[in-house]
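Colleague: I have a structure here, written as structure tokens, and I will follow up with some questions on it.
The values are calculated or read from the model by the stated rules, or taken from the named source; none is laboratory data. On a predicted model such as this, the values are computed, not experimentally measured, just so you know. Because the Cβ atoms are built from the backbone with ideal geometry, glycine has one as well, and the counts that use them run over all protein chains shown.
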Amino acid sequence: MLQRIQELDDRFAESSQAKEQPGFIRALAVVLAHSGDSWFWLIGLGLLWWLGADYWKQLALVMIIGIGVTALVVLLIKFTVRRSRPQGEWGKIYRSTDPHSFPSGHAARSTMLAVIALGMGPLWLGLSLLLWAPLVGLARIILGVHYPSDILAGMALGIVMGVLVLIFV
């Protein structure tokens, strides 16, 4: 069964990658993929915590905790599963710094943030992040740094982590 999933992942990943050529889809994918970077969110949430009203400070703090806990769980899974990233230009870049692709930390983080925003934040924020999170995952597939099953597993993990953070923090 794992072999069949890998075959489907390979076929889908290869057909959906924006090959090493510039263009609008690729540029948009780069922006979307990096909009889920942890450093970007930690800086933004840190500023929100520092400068925001009490309501926003609480939301920012819970999201920061969620980012940290989710990162630890993702790393534990990545170093247990040790699945190599897809072939390709972007995959090659990431293979030297973070060689393991399963699960996607970006998909887990963006989905976890959406769940927390839906649970604690204003409706507009929760719905916005709920629309944004799958686009981050799709962009990671388009750039060739993840297989589709990496993204699906990351999103499932993000849901679980978001719910756990809402319950326990």
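Colleague: Test residue 138 against the criterion of being in a helix (DSSP H, G or I) and either acidic (Asp, Glu) or in contact (Cβ under 8 Å) with a residue 24 or more places away in the chain (or both), and give yes or no.
Modeller: Taking the combined requirement at face value, the residue satisfies it.
This table checks each residue for (1) surrounded by fewer than 20 Cβ atoms within 10 Å (Cβ to Cβ); (2) assigned to a helix (DSSP H, G or I); (3) out of contact with any His (no Cβ under 8 Å at 6 or more places or on another chain).
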| position | (1), (2), (3) |
| --- | --- |
| 31 | yes, yes, yes |
| 45 | no, yes, yes |
| 48 | yes, yes, yes |
| 58 | yes, yes, yes |
| 66 | no, yes, yes |
| 72 | yes, yes, yes |
| 76 | yes, yes, yes |
| 79 | yes, yes, no |
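Colleague: Being more than 19 Å from the chain's Cα centre (by Cα) and modelled with pLDDT under 90 is the requirement here; does residue 4 meet it?
Modeller: In short, yes.
Colleague: Output the residues belonging to segment 49-73 that are in contact with a helix residue (DSSP H, G or I) (Cβ under 7 Å, 6 or more places away or on another chain), among the hydrophobic types (A, V, I, L, M, F, W, C) and either under 20 Å from residue 153 (Cβ atoms) or modelled with pLDDT under 95 (or both).
Modeller: Passing the criteria: 67, 69, 71, 73.
Colleague: On the given criteria, is residue 112 at pLDDT 95 or above and surrounded by fewer than 24 Cβ atoms within 10 Å (Cβ to Cβ)?
Modeller: No; evaluated as a whole, the condition is false for this residue.
Colleague: In segment 142-164, which residue that is more than 11 Å from the chain's Cα centre (by Cα), hydrophobic (A, V, I, L, M, F, W, C) and crowded, with 18+ Cβ neighbours inside 10 Å is nearest to residue 30 (Cα to Cα)?
Modeller: Ranking the candidates gives 143 first.
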